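The structure appears right after this line, and notes come after that.
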Amino acid sequence: MLDLAAALTATAGLERLFFANSGAEANEDAIKLARKWGRIHRGGAHEIITTHNSFHGRTLATMAASGKAGWDDMFAPRVPGFVKVPFGDLNAVAAAINVNTTAVMLEPIQGGTFNGNPLMTAAGLAVWPELSKPGFMEAVVAAGRYLTQALNKLSAKHGFGQVRGRGLLLALDLRSPVAGDIAAAALDNGLILNAPRPDTLRFVPALNVSHEEIDQMLETLDSVIR
């Protein structure tokens, strides 16, 4: 991840980047950045000028930003703050700019896009037969139950709080803001954990995780905590 980020920022001449799950998510974050900049530097300016016949994504905000006919009323009420002008008309853009304008959002070439790309769907086809094998999901349920029980024991041992979640998506309440320190120390010991909040650790192992691997994780985590 860091290597790709370094390569892309060096080529683009940017200081940092954000890896997104989709074009819509990337555009949503661009909208948020523009509105944040407008709030800080332009007295709360929040409007974004977009163009007719544009396509920016299928989320509520990016649909509102898009200029596709009929989209404004499809999932009303629409997200406000997007002003439409004809594509390629710089005079219309200039006329639409006012004290509330914080950005102009456009496609250099209108054409839009597709989901279900070959790489993603090929990965899905490779994964689905494994998920469909007899006993696979039962093993996932058993592993989730095993991990939950083990985390509850660890929590009781160290005076932590509740284990939340379901299956193999679990969180441990630490009752104090030490999650970042624990996650950093765990990484130094070869264990990747996520600290979504200062007092919370999140556990998201692979669906085919074994009980032995869970035991190894818990042994490392217990050592790190001690």
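The values are calculated or read from the model by the stated rules, or taken from the named source; none is laboratory data. Since this is a predicted model, take the numbers as computed values, not measurements. Heads up, the Cβs are rebuilt from the backbone with ideal geometry, glycines too, and the neighbour counts pull from every protein chain shown. Protein only, heavy atoms only, side chains kept; ligands, DNA and RNA dropped before computing areas. Shrake-Rupley method; radii C 1.70, N 1.55, O 1.52, S 1.80 Å.
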Review point. At a probe size of 1.4 Å, how large is the accessible area of residue 217, to the nearest 10 Å²?
Key: 30
Check your understanding: If you work out percent of Cα pairs over 27 Å apart from the coordinates, which of (1) 57; (2) 25; (3) 37 do you get?
Key -> (1)
Exercise for review: Calculate for the chain the 222 nm mean residue ellipticity that helices alone would give, adding -39,500 (n - 2.57) per DSSP H run of length 4 or more and normalising by residue count, nearest 500 deg cm²/dmol.
Suggested key: -15000 deg cm²/dmol
Check your understanding: So what is the accessible area of region 116-188 per residue, in Å², with the probe set to 1.4 Å?
Key -> 63
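With a 1.4 Å probe and every protein chain kept in, tell me what percent of the accessible surface of region 70-226 is carbon plus sulfur. Walk me through the intermediate numbers first.
On the way: 6040 of 10190 Å².
Here carbon and sulfur together make up 59 percent of the probe-accessible area.
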Revision key, fill the gap. Among GluC sites (Glu not before Pro) in region 1-87, those in a DSSP loop whose Cβ has at most 11 other Cβ atoms within 10 Å are 15
Revision key, fill the gap. The chain: antiparallel bridges as % of DSSP beta bridges, rounded to 5, reads 60
Exercise for review: For region 88-172, state which chymotrypsin sites (Phe, Trp or Tyr not before Pro) are in a DSSP loop and have at most 15 other beta carbons lying within 10 Å of their beta carbon.
Suggested key: 114
Check your understanding: Loop-only check: which chymotrypsin sites (Phe, Trp or Tyr not before Pro) in region 1-64 are DSSP coil with at most 11 other Cβ within 10 angstrom?
Key -> 18, 19
